[in-house]
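Chemist: Below are the structure tokens for one structure; questions will follow.
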Amino acid sequence: MSLPVGKIIIVSGPSGVGKGTLLKRVFAESGLPLVLSVSATTRKSRPGEIDGVHYRFLEATDFENRRKNGEFLECFEVFATGVWYGTLKSDVENALSEGKWVVLEIDVQGALAVKEVYPDALTVFIKPKSVEVLKERLLGRGTESEAAMNRRLETALKELEHAGQFQFVVINDDLETAVKELTEVLA
Ligand code: ADP
Ligand code: 5GP
């Protein structure tokens with residue numbers, strides 16, 4: 001019997017829009033064979049984040065060595081602050097070989113880079129109802145300093161301009177509606 005066919009699903013959108021919240025619900029409720037690609041990052045872990053579950057938290061030198069060794073499918077300095085994020089090739093290749101649907105929660109630059117390598121990847125952009133709502137969510141999450149939040153908002157405005165390059169756009173206004181829409185897009 002042949003294995004089911006794996007696929008790559010890229011979920012992008014500005015920081016604070018609710019990607020993590022939405023994906024958590026879709027993973028728990030959709031019954032789809034989804035597996036999350038655990039990105040590597042050089043940023044410090046937030047309270048409650050577990051190494052190997054939410055991210056692989058790497059020292060800058062370790063990240064740099066892996067980058068030079070070509071271990072990343074894509075990697076970027078996301079908020080231009082010396083903090084790197086990247087998708088490990090091995091994670092994606094293993095998931096695909098097992099017929100899983102591997103979800104990459106990555107920024108717009110990363111999404112476009114993965115599309116170059118895997119043109120069949122499904123791309124979804126999560127949008128806020130408005131920039132004001134996005135600000136409220138980032139503030140409400142309370143994880144960033146004021147300077148970091150402002151950098152995230154500046155990046156968000158640039159990212160929103162790229163929504164049209166994605167195959168699907170889901171607006172995360174009412175959470176229940178967005179969970180339903182994202183599930184429909186993936187299924
Ligand atoms: P991201 O992963 O895109 O950075 P998060 O999932 O951490 O965003 O969400 C940012 C904040 O917004 C969190 O505090 C989360 O609880 C809240 N949030 C997410 N989706 C909604 C929604 N539909 N309505 C209200 N608040 C939301
Ligand atoms: P956070 O620091 O809030 O966890 O994530 C910040 C941003 O980094 C988000 O926009 C997220 O999509 C992006 N990101 C997380 N992992 C990766 C990755 O592996 N590659 C890229 N390019 N971006 C990532």
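Throughout, read-outs are computed from the coordinates displayed, never taken from laboratory work. Please read these numbers as outputs of a predicted model, since none were measured by experiment. Every residue, glycine as well, gets a Cβ built from its backbone with ideal geometry; the counts of neighbours run over all protein chains shown.
Chemist: Obtain the nm distance between the two label points defined at Glu29 and Asn65 by a simple spin-label model: each point lies 7 Å from its Cα along the Cα-to-C-beta direction.
Modeler: 4.4 nm
Chemist: As an exercise, identify the trypsin sites (Lys or Arg not before Pro) in region 17-67 lying in DSSP coil whose Cβ has no more than 15 other Cβ atoms within 10 Å.
Modeler: Values: sites: Lys19, Lys24, Arg25, Arg43, Lys44, Arg56, Arg66, Arg67; in loops: Arg43, Lys44.
Passing sites in region 17-67 are Lys44.
Chemist: For the residues Leu139, Leu96, what sequence is obtained by ranking on other C-beta atoms within 10 Å, fewest first? Intermediate results must be reported in sequence, preceding the final value.
Modeler: Details: Leu139 13, Leu96 18.
Ascending Cβ contact count within 10 Å gives the list Leu139, Leu96.
Chemist: Please say if the chain is rounded, prolate or oblate, where rounded means a/c under 1.5 for a ≥ b ≥ c the square roots of the C-alpha gyration tensor eigenvalues, and otherwise the choice is prolate for a/b larger than b/c and oblate otherwise?
Modeler: Values: a/c = 1.58, a/b = 1.08, b/c = 1.46.
The shape class here is oblate.
Chemist: Rounded, prolate or oblate, given the Cα gyration tensor of region 1-67, with a/c below 1.5 counting as rounded?
Modeler: oblate
Chemist: Evaluate the distance, in nm, between pseudo-label points positioned 7 Å from the Cα of Lys180 and of Arg46 along their respective Cα→Cβ axes.
Modeler: Going from the Lys180 label point to the Arg46 one covers 2.8 nm.
Chemist: May I ask for the longest run of the chain untouched by GluC sites (Glu not before Pro) that are loop-located per DSSP and have at most 14 neighbouring C-beta atoms (other than their own) within 10 Å?
Modeler: On the way: sites that count: Glu49, Glu59, Glu98, Glu161.
It runs 99-160.
Chemist: Want the number for Glu77 to Phe168: 0.36 nm per residue separation, take away the alpha-carbon distance, what's left? Could the numbers behind the result be given before it?
Modeler: Values: separation 91, 0.36 × 91 = 32.76 nm, distance 2.51 nm.
Length gained between Glu77 and Phe168: 30.2 nm.
Chemist: At a threshold of 8 angstrom on Cα-Cα distance, excluding pairs fewer than six apart, so keeping six or more, what relative contact order does the chain reach in percent?
Modeler: Working: 286 pairs, mean separation 65.0, N = 187.
Relative contact order, the chain: 35 percent.
Chemist: Over 30 Å between Cα atoms, which of Lys68/Lys115; Lys68/Lys129; Lys100/Lys158; Lys24/Lys135; Lys24/Lys158; Lys89/Lys127 qualify?
Modeler: Values: Lys68/Lys115 21 Å; Lys68/Lys129 39 Å; Lys100/Lys158 32 Å; Lys24/Lys135 21 Å; Lys24/Lys158 26 Å; Lys89/Lys127 27 Å.
From the list (Lys68/Lys115; Lys68/Lys129; Lys100/Lys158; Lys24/Lys135; Lys24/Lys158; Lys89/Lys127), the Cα-Cα distance tops 30 Å for Lys68/Lys129; Lys100/Lys158.
Chemist: Which net charge results when you count Lys and Arg as +1 and Asp and Glu as -1 among the other residues whose beta-carbon is under 13 Å from that of Arg137? Present the calculation step by step, with values, prior to reporting the outcome.
Modeler: On the way: positive: Lys19, Lys127, Lys129, Lys135, Arg141, Arg152; negative: Glu132, Glu136, Glu144, Asp173.
So the environment of Arg137 carries a net charge of +2.
Chemist: Ok, one more. Considering Cα pairs under 8 angstrom that are at least six residues apart, work out the relative contact order of region 87-187 and quote it in whole percent.
Modeler: Details: 53 pairs, mean separation 30.7, N = 101.
Relative contact order comes out at 30 percent.
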